[in-house]
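Below: one structure, written as structure tokens.
The values are calculated or read from the model by the stated rules, or taken from the named source; none is laboratory data. What you are looking at is a predicted structure, and each value in this text was computed from that prediction instead of being measured. Heads up, the Cβs are rebuilt from the backbone with ideal geometry, glycines too, and the neighbour counts pull from every protein chain shown. Calculation scope for accessible area: heavy atoms of the full protein, side chains included, ligands and nucleic acids excluded. Shrake-Rupley method; radii C 1.70, N 1.55, O 1.52, S 1.80 Å.
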Amino acid sequence: MATRSPLSPAINPIEENRQGIIGKPLDRVDGPLKVTGRAKYSYEYRGVKDTTYGFIVGATIGKGRISAIDTSRAESAPRVLAVVTYQNAPKQAPLHPREPGPSRFDRSEPFLFSPEVRYFGEPVALIVAETFEAARHAAGLVSVRYVKDPQAKFDLMTHQSQAYKPKGVNAGMKADTSEGDFDGAFASAAVKIDVTYHLPHEHNMPMEPHATQAVWEGDHLTLYSGQQVAAWAQSSVAKTLQLPLENVRILTPYVGGGFGSKVPIHAQAVLAALGAKVVRRPVKIAQTRPQMFANTNHRPECLQRMRLGATKDGTLTAIAHDVWSQTTPFDEFIEQTAAFSRVMYAAPNRFHRHWGVMLDLPTSDIMRAPGEEPGSVAQECGMDELAVALDMDPIELRIKNEPTDDPETHLPFSSRSLVECYREGAQRFGWSKRPKRPGTLRDGRWLVGYGVASAMFPTYLRPSAAAVRLNADGAAIVKTDMTDIGTGSYTVLTQVAAESLGLPTDKVTVELGDTRLPKSAGSGGSFGAASAGSAILLACEQLRSQIAQLVSKDRRSPLAGANVGEVALRGGNVVAGEKSESLQAVLSRLAPSGIEGKGEHQGAEKQPKYSSHVFGAQFAEVGVDIDTGEIRVRRMLGVFGSGRILNPKTARSQLIGGMIMGIGAGLTEESVVDPRDGSFVNRDLAEYHVPVHADVTQIEAICLEEKEPYANPLGIKGLGEVGIVGVAAALANAVYNATGVRVREFPITLDKVL
Ligand code: MOS
């Protein structure tokens, strides 16, 4: 029977960290496989026999309908096996309802189901051919005529006045919250700011494009598909194709990044399954980089109005955060952008509100720190603007307004080390050298400035299960359908199991990314390590208890008669007090065919008693060229209070990876919409500028020692997303400090500071 309580006091074996494995900077256990090309990603996997190639044909209008489609030339092109359109596609479930249910990722996602075109680049045909080249060639031979909808809307600023009020926002949060009397408090505030920031659409752009191979055996479907959450992909595919859940298997052992965009299933997954059904052979499809701009996730463009009122000494009395963001007529996604300001600072009078603006664009969806990242721009640039108005140090302003409990829920924080992060960071970064007046520090042709901003991300715990098997030779195999999207899941979960079982890490093998394994939360919401790790902890505890019972009842064991609760697994031995026997000896005698433990938990309590988040302080130094306005990041430091660290090496990689992505949000990334047809104009990595090596100079992330007693039995806080939060604001604040120019239009490109 599986142990069920994630928070049971009996389950905290790493409290003492007896093996010293948790907290070690273990190299990635999957690293050698990846650098030698032996880790096969979805499209590369060669175990599928007789495979064929799919190529997606996308709509070339933004909204309207197909009036005629001629596939004859494509069908008769060499090596083409089929052309699938809405006219001959296999039956699928209807499109999910517009308003998201409990999960927007666990729902039907049909394609090629109607002549309607909802957005530029929406699939209108799938070519299946013997070779990739043949499929791509034939894609150019499909002739489609459209009737355009003249009412199509593509621009947020033009249509902001038609905004509507959503019932809720992403992650199950409320659209609007309020407390006290903002209007009264703001009107009478001694010092105030009222500013509006504009953030562009951004695209997730993982290294590995979205790719799927589909194989049917009778009415059973296997998809090799890079996904962040295997179980959601399985359920979403099953719903779309109207199959029993158990008929769908998702294999996703290696994933080349996701940043949220591989949480949902996308067109290539569904189309590969449809195509394979039509040609009765396996089909593989990879989206091209330009196709990914229409058919994966993007962070929606938004406008944010921030009003802050304070007393003369800098005590906040009023906070108002209004957000307008892009959504679509066929799918509601409202990024939880005002969630950040709900948690950061205390003020008795406040409101935080969201609006949706329906545009005929691809649906917006989650992208690393959805909500917290854009929301931190308005709140944290706003704090900087208020500090200028108050003539106060921006760090002191934040420390002054540090809340004693969660400003929104009024629950106590389970842990919050934000002030320590600022103090430690200020010391290390040399904050005292920051120019007090903008535009006063020169280094050759560069104007130099410093900026700070706060980072925050909620600490989630989601239902997960795991099984851990111990073989008689003392090797352990961990099984869960968790994924590793480049984050280090294989490595940190190896450490959790090794620590709990008292084994060296090379005795532990972790198997992930297969829906036949026990169901986990997967990778998303920064909840992966905590959720899957807690299930593994429970499974190991169950193994320990089984072994304890075996030895205690066995006359031949030196541990015969030992108290079951006192038996521990340590250093490859089974121990109780002074008595000890090797684990291998115990297993070969008492469980020669091996032994398995199962662990399962139901995630966080429905009514939490604590507000649990990871907090951090971002420091940035920029140089702005005196003539050209070119902005260079000279240094960045992130300081985080992040509970126990499972592995400082993978933790640091996650954090600096997030910070680097934050440079993109601050300075380079912007998906530009063509107002004529709603296409994203700059749809490749030559024109959509993610930060590259030359953009990143000195960048460091450190984690303070922090005890997190409540969030999960591992005492950890997820680090996948918090690194990106606050970076764009810290950079904007540094640009202001360097130049005296306050840019409220992101990304901050050189033209905006001149
Ligand atoms: Mo994250 S945007 O929930 O993968």
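Being surrounded by fewer than 24 Cβ atoms within 10 Å (Cβ to Cβ) and of a type in the set (A, V, I, L, M) is the requirement here; does Ala310 meet it? Criteria not met by Ala310. The condition of being away from the ligand (no atom under 16 Å from the Cβ), outside any strand (DSSP E or B), buried (at least 24 other Cβ atoms within 10 Å of the Cβ) and without any contact (Cβ under 8 Å) to a residue 60 or more places away in the chain holds for only one of Val270, Val237, that being Val237. Out of Glu372, Glu385, Glu380, I need the residue that is open to solvent by less than 30 Å² (accessible area, probe 1.4 Å), among the acidic types (Asp, Glu) and in contact with an Asp or Glu (Cβ under 8 Å, 6 or more places away or on another chain). Which one? From the options Glu372, Glu385, Glu380, the qualifying one is Glu372.
In the range 416-436, the residues that are more than 12 Å from Phe619 (Cβ to Cβ) and in the same structural domain as Leu397 (by TED's automatic domain parsing) reach residues that are small (Gly, Ala, Ser) and in a helix (DSSP H, G or I) with C-beta atoms within less than 9 angstrom, at least six apart or across chains, in these pairs: Ser432/Ala426; Pro435/Ala738. Find the residue count for the range 392-430, including only residues that are in contact with an Asp or Glu (Cβ under 6 Å, 6 or more places away or on another chain) and open to solvent by less than 10 Å² (accessible area, probe 1.4 Å). Selection size over the range 392-430: 1. Among the residues of the range 489-506, are any outside any helix (DSSP H, G or I), of a type in the set (A, V, I, L, M) and within 16 Å of the ligand (Cβ to nearest atom)? Looking through the range 489-506, none of the residues is outside any helix (DSSP H, G or I), of a type in the set (A, V, I, L, M) and within 16 Å of the ligand (Cβ to nearest atom). Restricting attention to the range 210-263, the residues that are among the hydrophobic types (A, V, I, L, M, F, W, C) and within 22 Å of Ala39 (Cα to Cα) add up to 13. The lone criterion from (1) modelled with pLDDT of 95 or more; (2) open to solvent by 20 Å² or more (accessible area, probe 1.4 Å) left unmet by Ala530 is number (2).
Screening Ile265 against (1) more than 16 Å from the ligand (Cβ to nearest atom); (2) open to solvent by less than 20 Å² (accessible area, probe 1.4 Å) leaves a single unmet condition, (1). Checking each residue in the range 42-58 for being open to solvent by 50 Å² or more (accessible area, probe 1.4 Å), on the phi < 0 side of the Ramachandran plot and in contact (Cβ under 8 Å) with a residue 12 or more places away in the chain picks out Tyr43, Tyr45, Lys49, Tyr53.
Being in contact with a Gly (Cβ under 7 Å, 6 or more places away or on another chain) and surrounded by fewer than 24 Cβ atoms within 10 Å (Cβ to Cβ) is the requirement here; does Arg634 meet it? Criteria met by Arg634.
Close contacts from the range 657-672, counting a first residue that is closer than 16 Å to Leu637 by Cα and of a type in the set (A, V, I, L, M) and a second that is assigned to a loop (DSSP other than H, G, I, E, B) and at pLDDT 95 or above, with Cβ to Cβ under 7 Å and a gap of 6+ residues or different chains, come to Ile660/Pro691; Met661/Arg368; Ile663/Pro691.
Ile485: touching a residue at least 40 places away in the same chain (Cβ under 8 Å) and within 30 Å of Gly260 (Cα to Cα), yes or no? It is true that Ile485 is touching a residue at least 40 places away in the same chain (Cβ under 8 Å) and within 30 Å of Gly260 (Cα to Cα).
Need a quick list: strands (runs of 3 or more DSSP E) entirely within the range 578-653 having at least 1 residues that are acidic (Asp, Glu) and outside the structural domain of Trp446 (by TED's automatic domain parsing). Ranges flagged: 579-582, 595-601.
For Ile319, are the conditions met, namely being within 16 Å of the ligand (Cβ to nearest atom), buried (at least 24 other Cβ atoms within 10 Å of the Cβ) and of a type in the set (A, V, I, L, M)? Here the answer is no, as Ile319 does not meet what is asked. In the range 431-450, the residue that is most open to solvent (accessible area, probe 1.4 Å) out of those that are more than 27 Å from Lys312 (Cα to Cα) and out of contact with any Gly (no Cβ under 8 Å at 6 or more places or on another chain) is Arg442.
Pairs meeting the criteria (first residue in the range 378-399 and part of a helix (DSSP H, G or I), second residue polar (S, T, N, Q), beta carbons under 6 Å, at least 6 apart or on different chains) are Ala378/Gln304; Gln379/Ser341; Glu380/Ser454; Asp384/Asn733.
Quick check on Ala530: is it within 16 Å of the ligand (Cβ to nearest atom), of a type in the set (A, V, I, L, M), outside any loop (DSSP other than H, G, I, E, B) and closer than 25 Å to Lys24 by Cα? So Ala530 passes the test. Exactly one residue out of Ala686, Ala665, Ala701, Ala711 is modelled with pLDDT under 95 and either assigned to a loop (DSSP other than H, G, I, E, B) or in contact with a Phe, Trp or Tyr (Cβ under 8 Å, 6 or more places away or on another chain) (or both), and it is Ala711. The set of residues in the range 591-627 being touching a residue at least 12 places away in the same chain (Cβ under 8 Å), within 26 Å of Ala465 (Cβ to Cβ) and open to solvent by 40 Å² or more (accessible area, probe 1.4 Å) consists of Ser593, Glu596, Lys598, Glu600, Gln602, Ala604, Glu605, Pro608, Lys609, Tyr610. Look at Gly658 and say whether it is surrounded by 22 or more Cβ atoms within 10 Å (Cβ to Cβ), within 16 Å of the ligand (Cβ to nearest atom) and in a helix (DSSP H, G or I). Taking the combined requirement at face value, the residue satisfies it.
The conditions of being open to solvent by 10 Å² or more (accessible area, probe 1.4 Å), assigned to a loop (DSSP other than H, G, I, E, B) and closer than 22 Å to Tyr490 by Cβ are not met by Arg555. Against the conditions (1) in a loop (DSSP other than H, G, I, E, B); (2) open to solvent by less than 30 Å² (accessible area, probe 1.4 Å); (3) farther than 30 Å from Asn170 by Cβ, Ile547 satisfies every one except (1).
Here is a yes/no grid of residues against (1) within 22 Å of the chain's Cα centre (by Cα); (2) over 14 Å from Leu569 (Cα atoms):
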{"site": "Asp473", "(1), (2)": "no, yes"}
{"site": "Ala476", "(1), (2)": "no, no"}
{"site": "Ile485", "(1), (2)": "yes, yes"}
{"site": "Arg516", "(1), (2)": "no, yes"}
{"site": "Ser523", "(1), (2)": "yes, yes"}
{"site": "Ser526", "(1), (2)": "yes, yes"}
{"site": "Ala529", "(1), (2)": "yes, yes"}
{"site": "Glu541", "(1), (2)": "no, no"}
{"site": "Gln546", "(1), (2)": "no, no"}
